[in-house]
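Accompanying notes for the structure given below.
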Amino acid sequence: MSAFRDDLLAGKTAFIAGGTSGINLGIAKRFAELGAKVAVAGRNPDKAAKAAEEIGRGARGYSCDVRDYAATRTVMEQVVEAFGRLDIVISGAAGNFLAPALGMSANAFRTVVDIDLDGTFNVFRGCYDLLQKPGASLIAITAPQAVNPMMLQIHACAAKAGINQVIRVLAMEWGPDGVRVNGISPGPIAGTEGMARLSPDEEASARSKGRIALRRWGEIGEVAESAVFLCSESAAYVTGTILDCDGGSQLGDAGGQGLG
Ligand code: HXC
């Protein structure tokens, strides 16, 4: 159930890095439903084209690796060429796998930091002079692991912690120009590649739900609603914040202690 009116994002253009699947694709779809012109980018050109088709409403799919600054910048220039403006940018591309630090090569660590953290810098740094100012809204997708350490996730924890600071620093540097920079920290969200990797079986899923205050995983659509809020006029005075869309999972055991 959404509280937003159907034309909330009419006249806006949104670029969503990593928008070819999962949570980011869900955000892209929702933005398009609310009237935004939407461009998604991912590494795989076929997947990008398929995502654009799935989003419909004139959405466009682009191919770039956010680790490559020049390629990412070029794609964002193409988006502005195609749609005439850029109001909303989501940095959501991420890579992840479970491995202990001792089972991870230096390249493995660097790869995830590169995609998540350097990628967020590249997307935001690269879009700045293309943005509609004042009024632009940038959102980075971070994770609870930015704050709460998790074993087998040293790369993602480090990368997401870095992203949280990128959000805050850019909010300070770009606020004077009317550019808001925020983050969304999704907790466990059903139907995502992330949860398939982190909670691969029934037992792990049940354990995970037992630790969440709302006792369930979230829906992709619920994260999309948070993104809509942050991009909307309703969040005009919100910048440098990280919105936890996580059912209260960061509260720890949520008082459950296995009792409920
Ligand atoms: C140990 C591993 C490994 C594993 C890869 N590597 N998988 N090491 N255990 N399971 C190592 C490789 O051996 C290599 O190191 C290095 O990582 C780079 O691997 P490549 O396959 O060459 O890299 P690349 O093709 O760029 O692929 C990147 C990737 C891959 C991150 C490794 O998984 C990927 O493309 N992921 C994208 C999709 C994804 O992960 N989605 C989930 C996002 S969910 P060597 O030394 O051998 O060269 C998410 C939620 C976050 O992010 C929530 C928690 C924070």
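Only the coordinates and a few stated rules stand behind these numbers; no lab work does. What you see is a predicted model, and the numbers here were worked out from it, not measured in a lab. In this analysis, Cβ positions are derived from the backbone assuming ideal geometry, glycine residues included, and neighbour counts consider all displayed protein chains.
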Original post:
Can you pull the Kirkwood radius for the stretch 1-128, inverse mean 1/r over Cα pairs, to one decimal in Å?
Top reply: 15.0
Original post:
Once both labels are modelled 7 Å past Cα along the beta-carbon direction, what's the Thr74-Glu202 spacing in nm?
Top reply: 5.0
Original post:
Sorted by average packing, counted as other Cβ atoms within 10 angstrom per residue and highest first, what order do 149-156, 137-144 take?
Top reply: 137-144, 149-156
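Which whole-number percent of Cα pairs in the stretch 65-121 have a distance greater than 17 Å?
Values: 769 of 1596 pairs.
Cα-Cα pairs of the stretch 65-121 separated by over 17 Å account for 48 percent.
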Original post:
Which value, in debye to the nearest 20, describes the size of the charge dipole of the stretch 20-154 about its Cα centre when Lys and Arg Cβ atoms bear +1, Asp and Glu Cβ atoms bear -1, and nothing else is charged?
Top reply: 200
Subject >> Residue order, fewest to most surrounding Cβ atoms within 10 angstrom, among Ser234, Ser249, Ser63 >> reply: Ser234, Ser63, Ser249
Original post:
Per residue and in Å³, how big is the convex hull formed by the alpha-carbon atoms of the chain?
Top reply: 127
Subject >> Residues Cys157, Cys64, sorted so that the one with the fewest Cβ neighbours within 10 Å comes first >> reply: Cys157, Cys64
Subject >> Computed [θ] at 222 nm, helices only, for the chain once each DSSP H run of length n ≥ 4 contributes -39500 (n - 2.57) >> reply: -12000 deg cm²/dmol
**OP:** Using a Gaussian network model of the chain whose springs link C-alpha atoms within less than 10 Å, name the residue from Thr241, Thr120, Thr74 with the highest mean-square fluctuation.
**Re:** Thr74
**OP:** Would you please give the residues with an amide H less than 5 Å from that of Gly183, counting only those at least 5 places away or on a separate chain, with H modeled from the backbone geometry?
**Re:** Ala140, Thr241, Ile242, Leu243
Original post:
By the scheme Lys and Arg +1, Asp and Glu -1, what is the net charge of all other residues having a beta-carbon under 15 Å from that of Ala93?
Top reply: 0
Subject >> Charge dipole (the stretch 173-222, unit charges on Cβ, about Cα centre) - positive-most of Ser199, Ile212, Trp174 >> reply: Ile212
Subject >> Cα point-scatterer Debye curve for the stretch 142-260, base-10 log of I(q)/I(0) at q = 0.11, 0.15, 0.18 Å⁻¹ >> reply: -0.41, -0.73, -0.99
Original post:
If you place +1 on the Cβ of every Lys and Arg and -1 on the Cβ of every Asp and Glu, how big does the dipole about the Cα centre of the chain come out, in debye to the nearest 20?
Top reply: 80
**OP:** Rounded, prolate or oblate: pick one for the stretch 154-217, where a ≥ b ≥ c are the square roots of the eigenvalues of its C-alpha gyration tensor, a/c under 1.5 means rounded, and failing that, prolate if a/b is larger than b/c, else oblate.
**Re:** prolate
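Can you put Ile220, Ile16 in order, fewest other beta carbons within 10 Å first?
With the fewest neighbours first, Ile220, Ile16 line up as Ile220, Ile16.
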Original post:
Name the residues of the stretch 4-19 whose amide N is less than 19 Å from a point 7 angstrom out from the Cα of Glu81 along the C-beta direction?
Top reply: 13-17
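Exactly which chymotrypsin sites (Phe, Trp or Tyr not before Pro) in the stretch 89-142 are in a DSSP loop and have at most 16 other Cβ atoms within 10 Å? List each step's numbers first, then the result.
Details: sites: Phe97, Phe109, Phe121, Phe124, Tyr128; in loops: Phe97.
Counting only loop positions with at most 16 other Cβ atoms within 10 Å, the chymotrypsin sites (Phe, Trp or Tyr not before Pro) in the stretch 89-142 are Phe97.
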**OP:** Please identify, among Asp65, Asp46, Asp118, the residue showing maximal mean-square fluctuation in a Gaussian network model of the chain using a 10 angstrom Cα cutoff.
**Re:** Asp46
